[in-house]
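Okay, so here's the structure we're looking at.
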Amino acid sequence: MDEELGPVRAPELEGAVAWLNTPAPITLAQLRGKIVLLDFWTYGCINCQHVLPDLQRLPARFADVLVVIGIHAAKFDNERSTDNIRRTLQRLGIRHPVANDAAFRIWQAYTVRAWPTQVLIDPRGYVVGTATGEGHGARLEEVIAAVAAVFEAEGGLDRTPHLLTPETVAPDGLLAFPGKVLADESSSRLFIADTGHHRVLQTDLEGRLQRVFGTDSAGRTDGAATEAQFHHPQGMAVAGDTLWVADAGNHLIRRIDLATGLVETAAGTGRQQTWQQTDGGAALETSLNSPWDVAWDGRLLFIAMAGPHQIWLLDPQQGLVIRYAGTGAEGRHDGHVDEAAFAQPSGLALLDRTLHVADAEANVVRALALPPDNQVRTLAGGDLFAFGDVDGVGDAVRLQHPLGLCVSGDVVLIADTYNHRIKRLDPRRGRVMSWTGAGRPGHVDGAPGAACFHEPAGLSATGRHVYVADTNNHAVRVVDLASGEVQTLDIR
């Protein structure tokens with residue numbers, strides 16, 4: 001927490017275009033006698049997502065005393081939609097009230113400058129302090145406990161339960177917010193990260209269900225397929241009878257033996273890495289930070305480590321996991337791997353000896369030349385605050401929070417997530433062209449210009465088709481490579 005600000009009256013929560021997880025808009029006047037914690041966030045930001053465990057733990061610790069309110073101030077145009085925010089609350093399991101501050105009215109009233117920012121307000125309606133960034137949970141708990149003790153002694157605490165109406169409608173189908181998908185044409189297997197159900201599904205390429213890895217509930221248990229637990233699994237890579245899984249919510253890399261179904265932890269401790277830790281070491285003794293995608297090159301597993309804005313690698317034979325590229329600074333900076341900067345890398349695709357990276361928060365696709373070159377360059381896209389939906393070449397291209405990549409022949413396909421499109425990138429020329437998707441959210445099959453996706457986040461190609469993890473539609477879509485025609489996979 002920053003230093004106390006003194007007796008500053010907290011501005012009223014005015015200007016939100018909508019409220020979620022609450023039956024009516026909330027005012028601070030209604031909350032006199034409560035301790036209030038405001039969390040300013042935007043839903044695509046990995047650092048904002050890292051704060052969520054604290055926002056779940058603190059109300060449990062201070063039940064009937066603390067009210068947490070999310071103030072969603074969107075970075076991206078797509079994130080201004082109340083419906084998209086509602087789906088995110090369902091996907092991330094957020095149960096506290098959230099205001100859609102699409103016009104930044106509350107943000108400006110509190111002079112917030114960065115995501116995430118927390119503001120603590122005492123029961124009289126005065127600001128106690130602020131904190132910017134993640135990792136302030138322990139300090140927040142100390143300050144809340146101190147404030148509660150003071151006002152309890154004065155008889156100034158209101159312990160009336162605060163009414164919530166969480167947006168927890170469960171999807172009707174077999175999938176819930178699938179994050180990534182992997183098609184293994186050589187074995188006719190399709191692997192789906194059923195992220196919202198905390199499990200991995202194995203089907204054939206026509207969608208017939210073969211096996212389920214995970215128990216439908218979040219956890220970090222190793223063991224047989226029916227006993228193992230994941231937490232919001234994301235990217236996958238297959239190597240023979242081994243399936244590597246980026247277990248993002250657990251900050252782990254998991255390994256599934258496809259012959260036996262056994263799930264093991266391959267890297268990570270289950271604790272989120274902090275900035276004070278080393279750049280790697282023994283795989284099972286080194287903490288990771290939101291691994292979002294993986295790519296296998298035959299010997300090494302490359303990891304898109306979204307949390308620290310870096311690319312890591314796992315050497316299974318040596319039992320080591322180490323930082324490979326990125327300083328840890330958030331940004332778009334090309335050059336040698338020790339000097340380059342990424343911004344929430346979230347998708348990987350290997351083509352020859354080049355690792356292509358969907359750098360989501362920078363709205364770009366990067367190319368990382370593997371050893372001995374070890375150089376990073378930007379192929380196409382804008383920058384941290386330069387985004388949109390524009391085809392073209394190189395820096396003239398505009399993407400919006402791309403989360404997924406795959407290779408098809410000599411072309412890199414892009415899940416341009418917040419533009420609800422799949423695009424084609426010629427990596428030699430840096431040329432990007434829209435391929436399929438109408439550019440608006442929806443669930444419509446058909447021709448490339450008419451089909452609609454809703455925040456597609458993962459791609460995988462075979463010789464004839466591209467499989468799409470269509471996250472907000474709770475579906476896997478199949479695109480014909482020759483025609484661009486889109487169909488919804490019938491998983492049964």
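Here are the numbers:
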{"item": "Flag if ALA176 is touching a His at 6+ places or on another chain (Cβ under 7 Å) and touching a residue at least 40 places away in the same chain (Cβ under 8 Å)", "result": "yes"}
{"item": "Sole exception among (1) closer than 20 Å to ARG61 by Cα; (2) loosely packed, with under 15 Cβ neighbours inside 10 Å; (3) of a type outside the set (Val, Ile, Thr) for ARG113, by number", "result": "(1)"}
{"item": "Members of the range 443-474 found to be in a loop (DSSP other than H, G, I, E, B) and closer than 24 Å to LEU201 by Cβ, listed by number", "result": "HIS443, ASP445, ALA451, PHE453, HIS454, GLU455, THR462, GLY463, ARG464, HIS474"}
{"item": "Pair list, Cβ < 7 Å and 6+ apart or interchain, from the range 134-160 residues that are outside the structural domain of SER290 (by TED's automatic domain parsing) and surrounded by 13 or more Cβ atoms within 10 Å (Cβ to Cβ) to residues that are β-branched (Val, Ile, Thr) and part of a helix (DSSP H, G or I)", "result": "GLU134/VAL51"}
{"item": "So THR203, is it farther than 29 Å from VAL98 by Cα, out of contact with any helix residue (DSSP H, G or I) (no Cβ under 7 Å at 6 or more places or on another chain), of a type outside the set (D, E, K, R) and assigned to a loop (DSSP other than H, G, I, E, B)", "result": "no"}
{"item": "Hey, ASP83 of a type in the set (Asp, Glu) and either in a loop (DSSP other than H, G, I, E, B) or buried (at least 20 other Cβ atoms within 10 Å of the Cβ) (or both) or not", "result": "no"}
{"item": "Candidate set: the range 420-439, residues that are more than 20 Å from the chain's Cα centre (by Cα) and outside any strand (DSSP E or B); chosen: the one surrounded by the fewest Cβ atoms within 10 Å (Cβ to Cβ)", "result": "ARG428"}
{"item": "Residue satisfying condition, being surrounded by fewer than 22 Cβ atoms within 10 Å (Cβ to Cβ), touching a Phe, Trp or Tyr at 6+ places or on another chain (Cβ under 9 Å) and either assigned to a helix (DSSP H, G or I) or of a type outside the set (Lys, Arg) (or both), within set PRO53, PRO25, PRO59", "result": "PRO25"}
{"item": "Residue satisfying condition, being farther than 26 Å from ARG464 by Cβ, surrounded by fewer than 23 Cβ atoms within 10 Å (Cβ to Cβ) and of a type in the set (Gly, Ala, Ser), within set GLY409, GLY392, GLY381", "result": "GLY392"}
{"item": "Residue in the range 72-79 that is of a type outside the set (A, V, I, L, M) and more than 28 Å from ASP383 (Cβ to Cβ) present", "result": "no"}
{"item": "Flag if THR130 is out of contact with any Ser or Thr (no Cβ under 7 Å at 6 or more places or on another chain) and among the hydroxyl-bearing types (Ser, Thr, Tyr)", "result": "no"}
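For (1) at pLDDT 95 or above; (2) of a type in the set (A, V, I, L, M, F, W, C); (3) within 28 Å of GLY219 (Cα to Cα), each residue gets a yes or a no:
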site: ALA266; (1), (2), (3): yes, yes, yes
site: TRP275; (1), (2), (3): no, yes, yes
site: LEU284; (1), (2), (3): yes, yes, yes
site: LEU288; (1), (2), (3): yes, yes, yes
site: TRP292; (1), (2), (3): yes, yes, yes
site: LEU301; (1), (2), (3): yes, yes, yes
site: GLY319; (1), (2), (3): yes, no, yes
site: ALA341; (1), (2), (3): yes, yes, no
site: LEU350; (1), (2), (3): yes, yes, no
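The values are calculated or read from the model by the stated rules, or taken from the named source; none is laboratory data. This is a predicted model, so every value here is computed, not measured. Neighbour counts are summed over all protein chains in view; Cβ atoms, including those assigned to glycine, are modelled from backbone coordinates with ideal geometry.
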